[in-house]
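A short write-up of the structure that comes next.
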Amino acid sequence: MKPAKTFAEIALAYHDAIHAARRASVDAEPEAQLTTPVGELLKAVAQHAGLGEIEPIREARLVGVRPDLAIAHVSRGNRRLQGYVELKKPELPVDTSLWSGRNLVQWDKLKLQAEVLIICNGRSARLYFNGEPVGEDATLPYQNPQAWDAGGLMTLLRRFLEAKPRPITSVPE
């Protein structure tokens, strides 16, 4: 997505990017199609809302699990790991209590290691601290970008960026 000046432009850019494969009649993995648009949406909303600069980093590695994105927060010239984003296909709920099978196994690993985590299915996002949900789900401009209200996502991102994950103190971490 190109840099946008308004939340309406941010929403439209996200909507266009998220549906690019379908519009081009490309049979593509739904979850994989979220990576760049979600990262860019979070980055644009954080910047436009005055929350600072964030840098999405793809395929972070934890022990036995790989969140789709790590999020670095840049503030006052300092860059630090803030948390993670795990992406799921649009049909899967962001409520992890409804997961089963491979997703539940992955969740059991994520909740132990990713202290600050956003679960996102392209339609909505939910924030978790230490495996527990925090606040309301944020709706994303998946279906109707013209009617999207960025308030929920701004609140979620503010909470995400205000969280204080334990600092990394060793090389394995």
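The values are calculated or read from the model by the stated rules, or taken from the named source; none is laboratory data. Bear in mind that the values here come from a model prediction, so they are computed numbers and not experimental data. Reconstructed Cβ throughout: ideal geometry from the backbone, glycine too, with neighbour counts over all protein chains shown. Quick note on the areas: whole protein, heavy atoms, side chains included, nothing else; ligands and nucleic acids left out. Shrake-Rupley method; radii C 1.70, N 1.55, O 1.52, S 1.80 Å.
Worth pointing out:
- Along the axis of the charge dipole computed for the chain (Cβ charges of +1 for Lys and Arg, -1 for Asp and Glu, origin at the Cα centre), the listed residues Ser124, Gln82, Gly152 are led at the positive end by Gln82.
- Positive minus negative residues near Lys43 (Lys, Arg vs Asp, Glu; Cβ under 9 Å): -3
- Taken along the Cα-to-beta-carbon direction at a fixed 7 Å, the label points for Leu112 and Glu162 span 3.1 nm.
- Put simply, region 122-167 fits an ellipsoid with semi-axes of 23, 11, 7 Å; these come from the alpha carbon gyration tensor as the roots of five times its eigenvalues, largest first.
- Calculated FRET efficiency, Leu62 to Glu136, Cβ-Cβ distance, R0 = 41 Å: about 0.95 to the nearest 0.05.
- Linear extension gain, Arg102 paired with Lys89, 0.36 nm per residue minus alpha-carbon span: 3.4 nm
- Approximate spin-label separation Ala72-Asp149, in nm, with each point projected 7 Å along Cα-to-Cβ: 3.5
- More than 16 Å apart - percent of Cα-Cα pairs taken over region 50-131: 52
- Relative contact order computed over the chain (Cα-Cα under 8 Å; 6+ residues apart), in percent: 20
- For region 80-173, the fraction of C-alpha pairs more than 17 angstrom apart is 51%.
- Carbon + sulfur, % of accessible area of region 1-146 - ligands and nucleic acids excluded, 1.4 Å: 49
- Sorted largest first, the principal axis extents computed over the alpha-carbon atoms of region 1-67 equal 36, 35, 12 Å.
- Residue by residue, region 63-78 carries 3J(HN,Hα) couplings of 6, x, 7, 10, x, 5, 9, 9, 10, 9, 10, 9, 9, 6, x, 9 Hz when phi is fed to the Karplus relation 6.51 cos²θ - 1.76 cosθ + 1.60 (θ = phi - 60°); x denotes Gly or Pro.
- 19 Å cut-off, amide nitrogen to a point 7 angstrom out along Glu31 Cα→Cβ, residues in region 125-149: 125-128, 131
- Under-5 Å amide H pairs with Ser124, H placed in peptide plane, nonlocal only: Leu140
- Exposed-site-free run, longest, the chain (rule: trypsin sites (Lys or Arg not before Pro); DSSP loop; at most 10 other C-beta within 10 Å): 77-173
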